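One structure, as structure tokens, below. Some questions next.
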Amino acid sequence: MQFTAEHEQLRQTVKRFVEDEINPHVPEWEAARTFPAHELFKKMGNLGLLGIKYSPNYGGMGLDISYQLVMNEELGMINCGGIPMAIGVQTDMCTPALHRFGSDELKREYLAPAIAGDMVGCIGVSEVAGGSDVAALKTTARSEGDDYVINGSKMWITNGTQADWCCLLANTSEGPVHANKSLIIVPMDAAGISHQKIEKIGMHSSDTAQLFFDNVRVPKRNRIGIEGAGFMMQMIQFQEERLCAASGALKSLDRLIDLTIEYCKERHTFGQPLINNQAIHFRLAELRTEVELLRSLTYRAVNEYISGKDVTRLASMAKLKAGRLLREVSDSCLQYWGGMGFTYDNPLSQSYRDSRLISIGGGADEIMLGIICKFDGTLPKKAKK
Ligand SMILES: Cc1cc2nc3c(=O)[nH]c(=O)nc-3n(C[C@H](O)[C@H](O)[C@H](O)COP(=O)(O)OP(=O)(O)OC[C@H]3O[C@@H](n4cnc5c(N)ncnc54)[C@H](O)[C@@H]3O)c2cc1C
């Protein structure tokens, strides 16, 4: 990865934004179990940060995804996981398919305001009956004249209570499960939509909701691309989500190790600083090495994505490793903080709670392993029904 002066400039902008506009509010937003998405996103939109990789025709910066990686890395310096996740939904999860496959009219109506920070988006894929098996989802969008009529519900939706629109994956016909789905932009003020907030063990500042759709009428022109191609588009959209998860982990991991080194230098036991114990400094060196390996893998995946290659395998590996390493680093480092690590307002316990999600959301570890196995040809073929 070759970073230029422009990358560095962007890095400094995001760094300052995190220090001035986000971190001072994290304790308040975590306690409130939500954050002011419209207010924060508007500030980010004003700086161009919500459309780095998107076309200037819709207010984006028109840069390649390496610049998005730089922003995601810097968002890793936020003192919690909920806010970077909410921002990532807007930049890397609910907008990539709209940008790539949506009509000009749809992009003007929903993408441009999302880039400007005037609208908050969410992505509606998972359901109560299952999130890993995306093809099995039950929500329907039945054709009625020029409209779809949507019925069903979506589970675990990030930004769900505040979103202005949802990029919804629904069944638009019966037929084979990989070819009967469409992505539809659903305005969240449409009649028949309700939501219920979900309590979680971490990611407190991110608002997570179950969404209910009861005969919700949406014009067919709100469909992204052709009918029946939604599953395929969502699989493509997932690649940017997974690269976002991996790049967002990098500085966050380094920060946890840095804070632990600092603490272990100050904390004394048996007449010497904790860091003098080889068991501790060797372990931290080992973890740092793992972070560098993840960085190399993520940078390689991003480079290949920029050159137009299919990165499904590399992005799945990077997402898998990011989730596992976040768990490992949070747990190992927390240990060296002793009782302080077990208190609530501690950076290690915060990460211990928040980062547990990375091995579950956006495709669980086992789903990533399954994808890697497909490329290795080691997955048993399913019996035909
Ligand atoms: C805080 C939070 C925010 C989220 N945000 C969103 C969002 O904005 N939009 C959205 O659409 N979804 C969102 N999700 C949903 C998330 O993507 C799903 O939780 C995830 O895909 C797993 O689906 P599931 O919870 O239904 O678990 P299940 O599909 O029931 O799987 C349970 C577990 O079984 C194992 N497993 C599943 N399949 C296999 C297999 N084939 N082989 C081996 N093991 C397997 C895995 O360990 C998995 O964790 C969010 C979830 C959370 C908790």
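Would you please classify the overall shape of the chain from the alpha carbon gyration tensor, given that a ≥ b ≥ c denote the square roots of the eigenvalues, rounded means a/c under 1.5, and beyond that prolate means a/b larger than b/c while oblate covers the rest?
Prolate, since a/c reaches 1.5 and a/b exceeds b/c.
Something else about it: Treat each spin label as a single point 7 Å out from the Cα along the C-beta direction, and report the L379 to A136 distance in nm.
1.5 nm
If you count, for each residue, the other Cβ atoms within 10 Å and average over each peptide, how do 333-341, 80-88 line up from highest to lowest?
Averaged packing, sorted descending, gives the order 80-88, 333-341.
Restricting to bridges with both residues inside the chain, how much of the DSSP beta-bridge set is antiparallel, in percent to the nearest 5?
Around 85 percent antiparallel, to the nearest 5.
Report the charge-dipole magnitude of the chain in Debye, nearest 20, computed about the Cα centre from +1 at each Lys and Arg Cβ and -1 at each Asp and Glu Cβ.
I would put it at about 1040 debye.
Now for a different question. Just to confirm the number: angle between the C-alpha axis of helix 312-336 and the first principal axis of the chain, 0 to 90 degrees, nearest 10?
Helix 312-336 sits roughly 40 degrees off the main axis of the chain.
May I pose another question? Quick check: the angle from helix 5-17's long axis to the longest principal axis of the chain, C-alpha only, nearest 10 degrees?
Approximately 80 degrees, to the nearest ten.
Let me ask something additional. So what's the angle, to the nearest 10 degrees on a 0 to 90 scale, between helix 230-266 and the longest Cα principal axis of the chain?
20 degrees
Here's another thing I want to ask about it. Antiparallel DSSP bridges in segment 9-167: what percent, to the nearest 5?
65 percent
Exposure proxy check: D310, D189 ranked by fewest other beta carbons within 10 Å?
Taking fewest neighbouring Cβ atoms as first place, the list is D189, D310.
For the chain, what is the calculated [θ] at 222 nm in deg cm²/dmol (nearest 500), taking -39500 (n - 2.57) for each run of four or more DSSP H residues and dividing by its residue count?
-14500 deg cm²/dmol
Compute the Cα gyration tensor for segment 5-120, then decide on rounded, prolate or oblate, letting a ≥ b ≥ c be the square roots of its eigenvalues: rounded whenever a/c is under 1.5, prolate when a/b is larger than b/c in the other cases, and oblate in all that remain.
Oblate is the answer for segment 5-120, as a/c is 1.5 or above yet b/c matches or exceeds a/b.
Rounding to the nearest 20 debye, state how big the charge dipole of segment 5-120 is about its Cα centre with +1 on each Lys and Arg Cβ and -1 on each Asp and Glu Cβ.
With only Lys, Arg, Asp and Glu charged at Cβ, the dipole is about 160 debye.
Extension gain Q12-E290, at 0.36 nm per residue separation less the Cα-Cα distance, in nm?
This chain segment gains 97.5 nm when fully extended.
Work through the residues other than K251 whose Cβ is under 11 Å from its Cβ and net out their charges, Lys, Arg +1 and Asp, Glu -1.
Net of charged neighbours comes to 0.
Looking at segment 105-203, which GluC sites (Glu not before Pro) are DSSP coil and have at most 15 other C-beta atoms within 10 Å of their C-beta?
Hits after loop and neighbour filter: E174, E199.
We did not get these values from a lab; they are worked out from the coordinates using the rules stated. Note that this is a predicted model, so its numbers are computed, not measured. Using ideal geometry, Cβ is built from the backbone for each residue, glycine included, and neighbour counts are taken over all protein chains shown.
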